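Asks: There's a structure below that I have some questions on.
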């Protein structure tokens, strides 16, 4: 989808594109070569206040909208996204560096998330409760919480916008979204789609800008009642402190250093492709990617040979070619982090079994062996196409190693032994566990999230009923 680079895109506030309060702009770059993709207004605190006030004003009537209306608007939004699928795929290519497979996957997943949100509309239920007092009717019901702040990342901007905005809107809450400064055009187009679906003006507002400049103004705004953030652990902890000061509900989906364990009885025909998908999808820019792979010593040599062979031959061609697997990293800041991790590991004695080289802004799929605790890549999240493969001999040993991290987002194990698999699932310190499947897994209705430095709370249709509504207790004395 071509974007007019001679025109500055404004914010989406109160159902229309609104001129910014300031003159500063964000330059959205195509990560394939850092050429200019789009120019977007750089939001100010004044813009945030305007957007929040719009959402707050809309909440009074929107929260009273009928279930029929909200269902119809959500269904229409999913229908429009399906019709405009290629437009959004083009944006994911050119603004985010997504390959064809990743862009198709993300767009299809976004459609499914919006459709799943339709089911939330009639699940805003309460219940009757027994009472200690004769003649008293005791009951509960859910009420929309109010204005929700949604802060989305660069790596899966459409997935996050569709899930979090649609879920909040399903409950009767209104939204102000702050997208990543590296992927703002897509979010503004998504807001336009929501408006075209019939949602009232002010139900969804988008202010583009740098989170360091205006993030606190949004999350700390007194009219914002709930915050959901996807991004780095450092920023997430800052937001959590700010929300705690104002007693706001907050959901955080943060980083990961996710372990994938491959036992000696694993089916390598499944485990090897799973390990490849788990880390090299979207060139490793996934919080649930399998960046740590632990392989039993009995099959270590065989696995490594197969794994390295596939990694070394992953397509790095045109992003619109379905055979292309590896695209560019989103920004120079992220590329520098990946370079630092690889070079630090190399200097300190790691074996670079595959990759470690660059083609423009693309890092070749990199497999590191002999990684030691003194290397940055051992504990830090790389967020690139870099994986560390470790050898182990004992199940107890590998569980301990898998838990040797401050993160706890996703995890996976390949084994034919169901007892061992369930033992792993119970003992691993992570919010999600996948048996005989990759750590890179998500669905609309599941409780998605982690523990430790990986987050706080959960996302998903059921979890977001709690995140975006308040439960009220009501009694009637008869």
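No lab work stands behind these numbers, since they all come straight from the coordinates. Since the model is a prediction, treat every value here as computed from it, not as a measurement. Positions of Cβ are backbone-derived with ideal geometry, glycine not excepted, and every protein chain shown enters the neighbour counts.
Asks: Helix 332-347 versus the longest principal axis of the chain: what is the Cα-based angle in degrees, 0 to 90, to the nearest 10?
Replies: With rounding to tens, the tilt is 30 degrees.
Asks: Can you tell me the relative contact order of segment 399-473? Whole percent, Cα pairs under 8 Å, sequence separation 6 or more.
Replies: Values: 107 pairs, mean separation 22.7, N = 75.
Relative contact order of segment 399-473: 30 percent.
Asks: Taking all pairs of distinct Cα atoms, average 1/r, flip it, and tell me the Kirkwood hydrodynamic radius of the chain in Å to one decimal place.
Replies: Working: mean 1/r = 0.0431 Å⁻¹.
One over the average 1/r among Cα pairs gives 23.2 Å for the chain.
Asks: What's the angle, to the nearest 10 degrees (0 to 90), between helix 157-171's Cα axis and the longest principal axis of the chain?
Replies: 30
Asks: Which distance in Å, rounded to a whole number, links the C-alpha centroids of segment 225-240 and segment 278-293?
Replies: 21
Asks: Between residue 60 and residue 141, what's the calculated FRET efficiency when r is the beta-carbon distance and R0 is 22 Å? Round to 0.05. Spell out each step's value before the answer.
Replies: Numbers: r = 18 Å, r/R0 = 0.84.
Once the sixth-power term is evaluated, E becomes 0.75.
Asks: Set the Förster radius R0 to 30 Å, insert the Cβ-Cβ distance between residue 443 and residue 125 as r into 1/(1 + (r/R0)^6), and round the FRET efficiency to 0.05.
Replies: So the FRET efficiency works out to roughly 0.85.
Asks: Which of rounded, prolate or oblate describes segment 239-330 when judged by the alpha-carbon gyration tensor and an a/c cut-off of 1.5? Each step should come with its number before you reach the end.
Replies: Working: a/c = 3.83, a/b = 1.56, b/c = 2.45.
Taking the square roots of the gyration eigenvalues as a ≥ b ≥ c, segment 239-330 is oblate.
Asks: By counting other Cβ atoms within 10 Å of each Cβ, how are 12, 141 ranked from fewest to most?
Replies: Working: 12 25, 141 14.
Ascending number of Cβ neighbours within 10 Å: 141, 12.
Asks: Return the ratio Rg/(2.2 N^0.38 Å) for segment 259-443, where Rg is computed over Cα atoms only.
Replies: After normalising by residue count via 2.2 N^0.38 Å, the value is 0.97.
Asks: Let me ask something else about it. Sorted from fewest to most neighbouring beta carbons within 10 Å, what does the list 156, 474 look like? Mind dumping the intermediate values first?
Replies: Working: 156 26, 474 11.
Least to most surrounded, the residues fall as 474, 156.
Asks: For Cα pairs less than 8 Å apart in space and 6+ apart in sequence, what is the mean separation divided by the residue count of segment 259-443, i.e. the relative contact order in percent? Mind dumping the intermediate values first?
Replies: Details: 351 pairs, mean separation 55.6, N = 185.
It comes to 30 percent, rounded to a whole number.
Asks: Please check which bits of segment 218-241 a label hung off residue 406 would reach, taking the label as a point 7 Å along Cα-to-C-beta and the cut-off as backbone N under 11 Å.
Replies: 233-235, 237
Asks: Related question: On C-alpha positions alone, give me the angle between the axis of helix 184-196 and the longest principal axis of the chain, in degrees, nearest 10.
Replies: 40
Asks: Separate question: Determine, from the Cβ-Cβ distance of residue 374 and residue 417 and an R0 of 25 Å, the FRET efficiency 1/(1 + (r/R0)^6), rounded to the nearest 0.05.
Replies: On the way: r = 34 Å, r/R0 = 1.36.
With a Förster radius of 25 Å, E is 0.15.
Asks: Another one. For n ≥ 4 DSSP H runs only, could you compute -39500 (n - 2.57) per run for the chain, divide by its residues and tell me the 222 nm figure to the nearest 500?
Replies: On the way: 15 runs with 188 residues, N = 478.
Computed ellipticity for the chain at 222 nm equals -12500 deg cm²/dmol.
Asks: Now for a different question. Between residue 475 and residue 21, how many nm apart are label points set 7 Å from Cα along the C-beta direction?
Replies: 4.6
Asks: State, as an integer percentage, the relative contact order of the chain based on alpha-carbon contacts under 8 Å between residues 6 or more apart. Write out the running numbers ahead of the final one.
Replies: Numbers: 1121 pairs, mean separation 88.2, N = 478.
After rounding, I find 18 percent.
Asks: In nm, to one decimal, how far is the residue 270 label point from the residue 343 one, both placed 7 Å along Cα→Cβ?
Replies: According to this spin-label approximation, the distance is 4.2 nm.
Asks: Still on this structure, please answer the following. Determine, for 388, 287, the number of other Cβ atoms within 10 Å of each Cβ, and report the residues in order from fewest to most.
Replies: On the way: 388 24, 287 27.
Fewest-to-most Cβ neighbours within 10 Å comes out as 388, 287.
Asks: Using a/c under 1.5 as the rounded threshold, could you call segment 145-222 rounded, prolate or oblate? The axes a ≥ b ≥ c are square roots of the C-alpha gyration tensor eigenvalues, and prolate needs a/b larger than b/c, oblate otherwise. Kindly include the intermediate steps, with their values, before the conclusion.
Replies: On the way: a/c = 1.72, a/b = 1.17, b/c = 1.47.
Here segment 145-222 falls in the oblate category.
Asks: For labels at residue 298 and residue 320 in the simple 7 Å Cα→Cβ model, what's the distance in nm?
Replies: 5.0
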